[in-house]
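Bear in mind these aren't lab numbers, they're just calculated from the coordinates by the rules spelled out. This structure is a prediction, so every number in the text was calculated from the model and none was measured. Don't worry about glycine lacking a Cβ; one is built from the backbone with ideal geometry, like all the others, and counts go over all protein chains shown.
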Amino acid sequence: MLKSPNFTTFQPAGSDIDGFPVVERRLSQLDKVFAEPDAFAKTLVAQENPRVYTVSSVAPAEGDGQLHYGLGKIMPGKVGQEYFMTRGHYHEWREAAEIYIGLSGTGYMLLETENSDDGQLIPLIPNSIVYVPGFTAHRTINTGHAPLTYLGIYPANAGHDYGSLAQSNFRHVVVEENGAPTLLRRTDYLAQLKAKNEVATP
Ligand SMILES: [Fe+2]
């Protein structure tokens, strides 16, 4: 079969675009991504530094007007009340939008912009398409019990800016509350945890 960056194949529940490298993110590489340091440390030991997600990317061409794309796969799992998720990023070229196409599993995308306090939680499921506008930080979250796989298609010049979120993180968290994924402000969630810990250790 023809193999070139202009024609690729993949399995809907697989980890790679056939013949292209897979980048793996294990939990130890996601320090400070999750809200609860204790839960992070416990999960790291109990699950022996689990694989959280993989990305297999294809760059068929470079330059203005070209596109890159990648197959993402997030494993099912949780760190405390938070679900396994990607680190998330802005695009270096802030104007750059992106299309996500859900392939398998059940999850969400968390979207935030730099100039608003809003957080949007948008389903990412098979046969769904999420449009991530420019100027928007985006993180993908697996809230199901099977791997979540999806395709992301973005301008070749978009670039990935992880640094802007490295200190402050997203302003919202997605946590399991009463068995359902729930969007909360990070500050509210951290206050809840603090109150719980104070009750537990008077
Ligand atoms: Fe992106």
Residue within region 136-152 that is within 13 Å of the ligand (Cβ to nearest atom), within 26 Å of Ala35 (Cα to Cα) and among the charged types (D, E, K, R) present: yes
Any hit, region 82-92, residues being within 12 Å of the ligand (Cβ to nearest atom), aromatic (Phe, Trp, Tyr), loosely packed, with under 15 Cβ neighbours inside 10 Å and within 22 Å of Ala35 (Cα to Cα): no
Whichever residue in region 49-81 is surrounded by fewer than 21 Cβ atoms within 10 Å (Cβ to Cβ), part of a strand (DSSP E or B) and of a type in the set (D, E, K, R) and, among such residues, is nearest to the ligand (Cβ to nearest atom): Arg51
Selection within region 28-46 - over 27 Å from Gly102 (Cα atoms) and assigned to a loop (DSSP other than H, G, I, E, B): Glu36
Scope region 156-200; condition surrounded by 15 or more Cβ atoms within 10 Å (Cβ to Cβ), within 16 Å of the ligand (Cβ to nearest atom) and not in a loop (DSSP other than H, G, I, E, B); matching residues: Asp161, Leu165
Residues of region 27-48 satisfying the condition of being within 18 Å of the chain's Cα centre (by Cα) and loosely packed, with under 14 Cβ neighbours inside 10 Å: Ser28, Gln29, Asp31, Lys32
Which numbered condition Asn127 misses (of (1) under 22 Å from Thr187 (Cβ atoms); (2) in a loop (DSSP other than H, G, I, E, B); (3) out of contact with any Leu (no Cβ under 7 Å at 6 or more places or on another chain)): (1)
Index of the failed condition, Ala156 passing every other in (1) within 22 Å of Pro60 (Cα to Cα); (2) under 14 Å from the mean Cα position of the chain (by Cα); (3) of a type outside the set (Ser, Thr, Tyr): (2)
Residue check, Glu98 among the charged types (D, E, K, R), out of contact with any helix residue (DSSP H, G or I) (no Cβ under 7 Å at 6 or more places or on another chain) and away from the ligand (no atom under 16 Å from the Cβ): no
